[in-house]
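Read through the structure below, which is laid out as structure tokens, and then see the notes.
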Amino acid sequence: MTTLEDRKAQLLARRAELVERSEEVEAELDAHHNPDWEELATEREGDEVLESMGVSAAAEIRAIDAALSRLEAGEYGVCVKCGEDISAERLDVVPHAPLCKACARG
């Protein structure tokens, strides 16, 4: 069984990974200054992918921060919608899940 300290360590490790990835994406986006129009067009297509990755990482970071706040408040693992426990199996897959399986479906 995973303890709350284990969950916290897991969340913090994932958050650090996402922050690092976000910083790399930002650096890559800032590095493009190609004067060749064809190359610039190709870079811009790549930038769209990088920006999407950055947005996705930012959303997951916010979800992790919310989970860490629930953990500190003693509310981690409890569905924010219905108040039922979130299954350990669900938290194993999505440790920052705010909803139980039933509420996530509905």
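Data overview
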| read-out | value |
| --- | --- |
| Distance (nanometres) between label positions extended 7 Å along Cα→Cβ at residue 56 and residue 70 | 2.2 nm |
| Residue-averaged [θ]222 nm for the chain, counting only DSSP H segments that reach four residues, each worth -39500 (n - 2.57) | -23500 deg cm²/dmol |
| Crossing angle, helix 37-72 versus the chain [Cα axis fit, 0-90 degrees, rounded to tens] | 20 degrees |
| Per residue value of the accessible surface for the chain (all protein chains in place, 1.4 Å probe), Å² | 68 Å² |
| The chain - Rg (one decimal) and Dmax (whole number), Cα, Å | 18.2, 57 |
| Highest to lowest packing among 63-73, 20-30, scored as the average C-beta count within 10 Å | 63-73, 20-30 |
| Förster-model FRET efficiency, 35 Å R0, residue 104 and residue 30, C-beta, rounded to 0.05 | 0.45 |
| Point-to-point label distance, residue 19-residue 89, nm (Cα→Cβ direction, 7 Å offset) | 3.4 nm |
| Hull volume in cubic angstrom per residue (convex hull over the Cα atoms of segment 52-106) | 83 Å³ |
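The values are calculated or read from the model by the stated rules, or taken from the named source; none is laboratory data. Fair warning: this is a prediction, and the values are worked out from it, not measured in the lab. We place every Cβ from the backbone using ideal geometry, glycine too, and count neighbours over all the protein chains shown. Side chains included, ligands, DNA and RNA excluded: accessible areas come from the protein's heavy atoms. Shrake-Rupley method; radii C 1.70, N 1.55, O 1.52, S 1.80 Å.
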